[in-house]
Amino acid sequence: MARKPEKKKVVETTGHEWDGITELNNPMPRWWLWTFYLTIVWGIGYMILYPAWPLINGATPGLLGYSSRGEVAKDIAAVNAANAPLNDRIISLDLAAIAGDPEVGNYAVSAGAAVFRTFCIQCHGAGAAGSVGYPNLRDDDWLWGGDIEAIYATISHGIRADEDDDTRLSDMPVFGDDYLSPEEIAQAAQFVLSLTGRATDGALARAGVVVFEENCAACHGDDGTGDIYAGAPNLADALWLYGGDLETITETITNSRGGVMPAWSTKGRLNEAQLRQVAVYVHELGGGK
Amino acid sequence: MSTETHEDAPKLYAAREPVFPKRVKGKFRQLKWWLMIFTLGVYYITPWIRWDRGPNMPDQAVLIDMANRRFFMFWIEIWPYEFYFVAGLLIMAGLGLFLFTSALGRVWCGFACPQTVWVDLYVQVERWIEGDRNARIRLLNRKWDAYKWRMRLTKWAAWLVIAVLTGGAWVFYFADAPTLLVELFTGQAAFVAYAFIVSLTATTFVFGGFMQEQICTYMCPWPRIQAAMMDEDTMTVSYRDWRGEPRAKLKASLADSSLGDCIDCNACVAVCPVGIDIRDGQQLECITCALCIDACDEMMIKVGRPTGLIAYLTANDEPLERAGEPPRNMWKHLIRPRTIMYVVLLSAVGIGLLVALFVRAEIEVNVAPIRNPDFVVLSDGTIRNDYDIRILNKHGEERQFIVTAETDEHNSEFKVVLQGLEGVVVTAPADDTLIVRVYLLAAPDNHAARRERTGVHIWIEDLKSGDTAHVETLFNGKAP
């Protein structure tokens, strides 16, 4: 060999050796170290400017006064500000025109859904299908009317809501108290069943005609189809709020029924735009007239 | 590599050793110039290619339209739910990289990686302004006088212009390029556009001008992964030490025939953009740019010795060559189970994507049944099920669709009612999705009303073209 290669790269070791295995030292670039120092400086700056150190109640606030909760409040305010013109338009429109409006139709339904999910699903259910005693809002049977104005009025003023003088109010007597004998109640119940062709005792049902005419027809109508202006349910259709079997009907006649709903326009519960939104949403669930 | 131990605490950090790649001529340099022109050309020109798609559609050939969630690529339009096309393309790109890496080593790093291409451009600009290797070394060691300031400031300004153009071109892929260009200059463009230009300008300037090979050596994970794809048949840039060693200066070499072909001219070291000596063997810094091959061949021709002292070699051929036998044919290395497997996978994904591309429809319909409640009983005993259907109209014009429902079950039929509409015809806007609430009604005496579940097809028919699409779902009845 003429001569050794003169500039062969030499790698230092750290001086550590285990069983003859040495640890090579390939040094990191120095700027890498500087970026590490930079992160420390950054960290100190962050601790001064932003909430950082936990205290017993909360944390150090930081010079910038940042809080994630505050950011959310700002975002909500920004969204509300952006929605304000839409809400103004919803208030200015005819109720019946809102759903079909190209500018606010979809917004009204979506916003109404949000209102519904917040305030209504506790009784009517997340799918608005109701349950025993709480009306299904998807079907086509409405106690107080299913057009948009009626729905809006019901939501605004509630049902049997003491706090609102314009509330929906109907009062079925407790016939079991003094008005009717158990015999007459049984006759009336069989007559009600006969309206949907389900009477089990023809003689009682025939006798019930008179009982019904004298005691029930004033609100429910001679044919039992009810009256949305009196809040009297239709007894001649397939839908029953409390149940359509003989036992339930007998109990209803004997003890009466009277569900309640808050008047959502009172006590600052919902504002005008929200009332209209949720009315549109309910009207668009499939049963709206 | 030799090692040495010493008593002092070892230094854990070292300053960067500046690299001054010397100008070189040769076939690989030529290839790199053409690749640079091609890749930069594609990058800068693509957003400006126009493509007519009709009145309601963008006319930019390649456009990533974030606001409307569309990706346009010439005649292909990709909707968000078709993002598997993009995923497929990325998988193909990955497999392509595997293929090239297993065949040719870090060929991506050396020739096509944006970092390499831009650094190559930056170094060339530096060469034009400050001179070649020796002039640049002198300039580095010069004290900061007016001349050095002038050179440095000129170079940085030129780099900055390139950086701004690089960052500036990027945003044109995301909006209509001619419109955006005007908006950028009149200050009307979106904040995000300026933010991207500023940040990409900064990264280009710093990565291309100052970080250079350190990005590859310290920051990029890809070179480390590539080692897993290389084997003894991979062709990569190597030094034939059995031919070159023992090296000696030309004069000594001419006098003593026992010496190797390497004349120790350091040409390979001078041109290296990562500052290594290829004669030390394969090193993790090496991006296989092949410029040392050009440099060495040039010298070998000058001194009248055979070229190829540094060349693309495989580890498998080394023992053959040491024994004085010729290396095997290049294709024997390139075509082997590993590369064949990558080609097969690549083709499979590619063919799959092509098939998917040709069979996808211009209209589609999806359904989301409303299952809370399962069904609604109406006052006359009719059973109603509610569905939200989503009609995708990929035409560049609005289309009308008739919605129908049918079932194979006997004595079952449905009435279709659309929320808020008279009749069963809906109008879907151009290149958009329309969500319609559909009600299916089954009369009380209908079997579907009394069966727990009935399969049903919801059809849409394009009134203009007659195209149809359907979706399968279930109708829930009130079981007795």
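Read-outs throughout are calculated quantities, based only on the coordinates presented, and are distinct from any laboratory measurement. As the structure is a computational prediction, the values presented were derived from the model and not from experiment. Note: ideal-geometry Cβ built from the backbone for every residue, glycine included; neighbour counts use all protein chains shown.
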Going Cα to Cα from B:Lys143, which aspartates and glutamates come in below 16 Å? Please leave out same-chain ones fewer than 8 positions away. B:Glu130
Furthest towards positive pole of dipole, B:Ala368, B:Tyr342, B:Val403, structure part the range B:283-437, Cβ charges: B:Tyr342
Can you tell me, using C-alpha contacts under 8 Å and at least 6 residues apart, the relative contact order of chain A as a whole percent? 22
Per-residue [θ]222 nm for chain B (sum of -39500 (n - 2.57) over DSSP H runs n ≥ 4, rounded to 500): -12000 deg cm²/dmol
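Summing Lys, Arg as +1 and Asp, Glu as -1, what charge do residues with Cβ under 14 Å from the Cβ of B:Arg152 carry, B:Arg152 excluded?
+4
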Run the dipole for the protein assembly as shown about the Cα centre, Lys and Arg Cβ at +1, Asp and Glu Cβ at -1, nothing else charged, and hand back the magnitude in debye, nearest 20. 6920
Using alpha carbons only: equivalent-ellipsoid semi-axes of chain B, gyration tensor based, whole Å: 65, 29, 19
Using Cα-only point scatterers and the Debye equation, what is log10 of I(q)/I(0) for the range B:170-321 at each q in 0.10, 0.12, 0.19 Å⁻¹, rounded to two decimals? -0.55, -0.68, -1.13
Normalising by the residue count of the range B:231-328, find the relative contact order in percent from Cα pairs under 8 Å and 6+ residues apart. 34
Estimated inter-spin distance, B:Phe358 and B:Leu140, nm [label 7 Å along Cα→Cβ]: 5.7
Listed residues A:Pro29, A:Pro135, A:Pro54, most fluctuating in chain A (Gaussian network, C-alpha, under 10 Å): A:Pro29
With B:Leu441 itself left out, Lys, Arg at +1 and Asp, Glu at -1 over residues whose Cβ is under 9 Å from its Cβ give +2
Which of A:Tyr152, A:Tyr242, A:Tyr66 moves most in a GNM of chain A, Cα contacts under 10 Å? A:Tyr66
Among A:Asp171, A:Asp19, A:Asp147, residue whose mean-square fluctuation peaks in a GNM of chain A (springs only between Cα atoms under 10 Å): A:Asp19
Of the DSSP H helices in chain B, those whose Cα atoms cover at least 30 Å axially and whose Kyte score averages 0.5 or more: B:146-171, B:337-359
Charge tally for neighbours of B:Thr39 with beta carbon under 13 Å away, counting Lys, Arg as +1 and Asp, Glu as -1, is 0
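May I ask for the Rg/Rh ratio of chain A, computed from Cα atoms with Rh as the Kirkwood radius, given to two decimals?
Checking Rg against Rh, the ratio lands at 1.42.
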Cα Rg, Dmax (largest Cα-Cα span) when computed across the range A:216-289, Å: 15.9, 43
So what's the back-of-envelope 222 nm ellipticity for chain A, counting only DSSP H runs of four-plus at -39500 (n - 2.57) apiece and dividing by all residues, rounded to 500? -14000 deg cm²/dmol
Yeah, the protein assembly as shown with a ≥ b ≥ c from its alpha-carbon gyration tensor (a/c under 1.5 is rounded, else prolate when a/b outruns b/c, oblate otherwise) is prolate
Which lysines does A:Lys289 reach when only Cα atoms under 26 Å apart count, and residues fewer than 8 places away in its own chain are ignored? B:Lys415, B:Lys478
Length-normalised contact order of the range B:363-476 in % [C-alpha pairs under 8 Å, at least 6 apart]: 32
